[in-house]
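The values are calculated or read from the model by the stated rules, or taken from the named source; none is laboratory data. In this text, all values refer to a predicted model and were calculated from it rather than measured experimentally. Note: ideal-geometry Cβ built from the backbone for every residue, glycine included; neighbour counts use all protein chains shown. These accessible areas exclude ligands, DNA and RNA; they are computed on the full protein's heavy atoms, side chains included. Shrake-Rupley method; radii C 1.70, N 1.55, O 1.52, S 1.80 Å.
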Amino acid sequence: MLIYGQTMETTPIKSANSDSMDQIKSYIDKNQQRFLDELFVLLRIPSVSADPKHAKDIIRTAEAVKERLIAAGADQVEILPTGGHPMVYGEKIIDPKLPTVLVYGHYDVQPADPLELWTSPPFEPVIKDGKIYARGSCDDKGQMFMHVKAFELMMQTGTMACNVKFMIEGEEEVGSSNLGPFIRKYKDKLKADVILISDTSIIANDVPSITIGLRGLTYVEVEVTGPNVDLHSGVYGGAVANPVNVLCKMIASMHDENNHITIPGFYDLVREVGKEERSEMNKAPFDLEVYKKQLNIGDVQGESGYNTRERTSIRPTLDVNGIWGGYTGEGAKTVLPSKANAKISMRLVPNQDSDKITALFQKYFESIAPKSVKVKVMPHHGGNPVVVPTDTIAYKAASKAMEVSFGKKPLPAREGGSIPIVALFEEVLGLKSILMGFGLDSDAIHSPNEHFGVFNYLKGIETIPLFYKYFAEYSK
Ligand code: BES
Ligand code: MN
Ligand code: MN
């Protein structure tokens, strides 16, 4: 086999486990400071996809990712336009006969506010207690960049066992709505044997896991309008419907006393998870007291008949993400507002369908509105739920890779978050994804003080080359 690499001192592929582990570990040891420095450069650019003020930062980040891919040895590296923020593409085809891994990740991040709750500025990364603090450190710049560094490692050590294609997008955090058309357009270019994504979590650093399920999502905004202007709440209060009161009542009525969602048909397509699978998933360690303590809550709540872990993985939800209306400034103003609004998200599980649930929500919301108000439902974005089969060579390769790097066989685990593109990949490219993330639930993604363990970052860089190795081996 040919040896690919940028330096002349590359070493050929070794088949023995320990040899390849030594090679990976020593490369990481020698380069870890640079791996961190390079990630910090990316973390310093505030690539907030939701905010048009950061449009230039999005482009700067795409360019920085492109530069890093070129430096690591990728070919055909380009920034491809989409209907929204651009995609960074790059590839290395070392031998068309070898399997091809399509790496997906995102370089955009969530807004950093509320800023005052950060203990260090969100776009000035620092390491504290072995963790990298910065917006995007875990979700997903840190995890995406592990793949670029693992690729560099394989190139430099002459151990590339698969072809690779990178597809790093800039609008995951706003729903990836331009990605469907993009992957349809570039269907041939994106041809691969498996999709590899690090944008999820492990159970704990000593309990590795592979994500085998993601929830889907439907996101809507609602508006309730009462009188045509804000009114004096003394003169009109009691006689004219208050849209904020009405909206609260409507939202409250969407859960019954068992915390079931009351939208007719909402559960029709939900595939109930069997006893056996539930008892299997409940074997993974989970401490409810620690969970409550971490969040500083007196108790948990949720759908009756299910425990906390089940509620956040195998069950659908409906949550208000934000609600506003009326007077929220300093002091008091006695007003009966004209309008009330809310943003509502529903997490979906197999086999619910995002579009169908959006339609059911809309119909129900309109049906429960009293005559005294007008309502509007504005769908935002969505995505379908995902299940990853565990009987594929790709899953077995990921499992083996983690077993070797963590020294412990990973557990399969379903997670509550959503990555809308995963279901689309399956639909358009006919490809299943491997969700091999290295974050922790406690990394505060989307929250103030997001962080990512240096251990996790380096463990990712260590594990990814092993995935390539075993995927190539098992594909033979
Ligand atoms: N990386 C997350 C999804 C995630 C987090 C999956 C933790 C599993 C565990 C992703 O960036 C994300 O935040 N997705 C959004 C959906 C998107 C449409 C805004 C989500 O889940 O809210
Ligand atoms: Mn993410
Ligand atoms: Mn996210």
Review point. Classify segment 64-198: rounded, prolate or oblate, from the alpha-carbon gyration tensor (a ≥ b ≥ c, eigenvalue square roots; a/c under 1.5 rounded; otherwise prolate if a/b is larger than b/c)?
Key: oblate
Check your understanding: Tally Lys and Arg at +1 and Asp and Glu at -1 over the other residues with C-beta under 13 Å from the C-beta of residue 366: what net charge comes out?
Key -> +3
Practice item. Just check segment 328-476 against the gyration tensor rule for me: Cα atoms, a ≥ b ≥ c as the square roots of the eigenvalues, rounded for a/c under 1.5, and otherwise prolate or oblate depending on whether a/b exceeds b/c. Key: oblate
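What does the helix-only formula give at 222 nm for the chain: each DSSP H stretch with n ≥ 4 adding -39500 (n - 2.57), the total divided by the residues, and the result rounded to the nearest 500 deg cm²/dmol?
Theoretical 222 nm ellipticity from helices: -10000 deg cm²/dmol.
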Review point. What whole-number value in Å² describes the accessible area per residue of segment 228-339 for a 1.4 Å probe?
Key: 64 Å²
Revision key, fill the gap. Once residue 44 and residue 185 are pulled to full extension, the length gained, defined as 0.36 nm per residue separation minus their Cα-Cα distance, is 47.5 nm
Exercise for review: Give, in nm to one decimal, the length gained when the segment between residue 306 and residue 324 is fully stretched (0.36 nm per residue of separation minus the Cα-Cα distance).
Suggested key: 3.3 nm
Review point. Mind ordering 22-33, 128-139, 37-48 by average Cβ neighbours within 10 Å, highest first?
Key: 128-139, 37-48, 22-33
Review point. What is the projected area of the convex hull of the Cα atoms of segment 181-300, averaged over all directions, in nm²?
Key: 15.4 nm²
**Study point:** Extended-chain gain in nm, criterion 0.36 nm per residue less alpha-carbon gap, residue 287 and residue 333
**Key:** 12.0 nm
Study note, to complete from the structure: Sorted by chain and number, the residues with a modelled amide H under 5 Å from that of residue 98, at a separation of 5 or more or across chains, are none
Revision key, fill the gap. Here the tail fraction of P(r) beyond 21 Å, over all Cα-Cα pairs of segment 254-341, rounds in percent to 53 percent
Practice item. Could you please report the charge total around residue 378, scoring K, R as +1 and D, E as -1 over all other residues with beta-carbon less than 10 angstrom from its beta-carbon? Key: 0
Revision key, fill the gap. Segment 245-274 and segment 378-451 have their Cα centres apart by a whole-number Å value of 27 Å
Exercise for review: Would you mind giving the average projected area, over all directions, of the Cα convex hull of segment 65-142 in nm² with one decimal?
Suggested key: 7.4 nm²
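Indicate the gyration tensor shape class of segment 156-218 (rounded, prolate or oblate), computed on the Cα atoms with a ≥ b ≥ c the square roots of the eigenvalues: a/c under 1.5 is rounded; otherwise a/b larger than b/c is prolate and the rest oblate. Write down the numbers at each step before the final one.
On the way: a/c = 2.26, a/b = 1.08, b/c = 2.10.
Taking the square roots of the gyration eigenvalues as a ≥ b ≥ c, segment 156-218 is oblate.
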Revision key, fill the gap. If R0 = 25 Å, then residue 56 and residue 126, at their Cβ-Cβ distance, give a FRET efficiency to the nearest 0.05 of 0.55
Check your understanding: Under a point spin-label approximation (7 Å from Cα along Cα-to-Cβ), what is the residue 119-residue 221 distance to one decimal in nm?
Key -> 3.5 nm
Practice item. Keeping to pairs on different chains or 8 or more places apart, tell me how many lysine pairs in segment 366-421 have Cα atoms under 22 Å apart. Key: 4
Check your understanding: Tell me, what is the FRET efficiency for residue 228 and residue 258 to the nearest 0.05, using R0 = 45 angstrom and their Cβ-Cβ distance as r?
Key -> 0.70
Check your understanding: P(r) for segment 30-105: what percent of alpha-carbon pairs falls in each 10 Å bin, starting at zero?
Key -> 17, 42, 31, 9, 1
Exercise for review: Keeping the other protein chains in place, figure out the carbon and sulfur percent of the accessible area of the chain, with a 1.4 Å probe.
Suggested key: 52 percent
Check your understanding: Quick one: if you stick a label point 7 Å off each Cα along the C-beta vector at residue 67 and residue 279, how many nm between them?
Key -> 5.7 nm
Practice item. Note the per residue figure in Å³ for the convex hull of the C-alpha positions in the chain. Key: 159 Å³
Exercise for review: Run the quick spin-label model on residue 359 and residue 343: label points 7 Å from Cα toward the beta carbon, then report their separation in nm to one decimal.
Suggested key: 2.6 nm
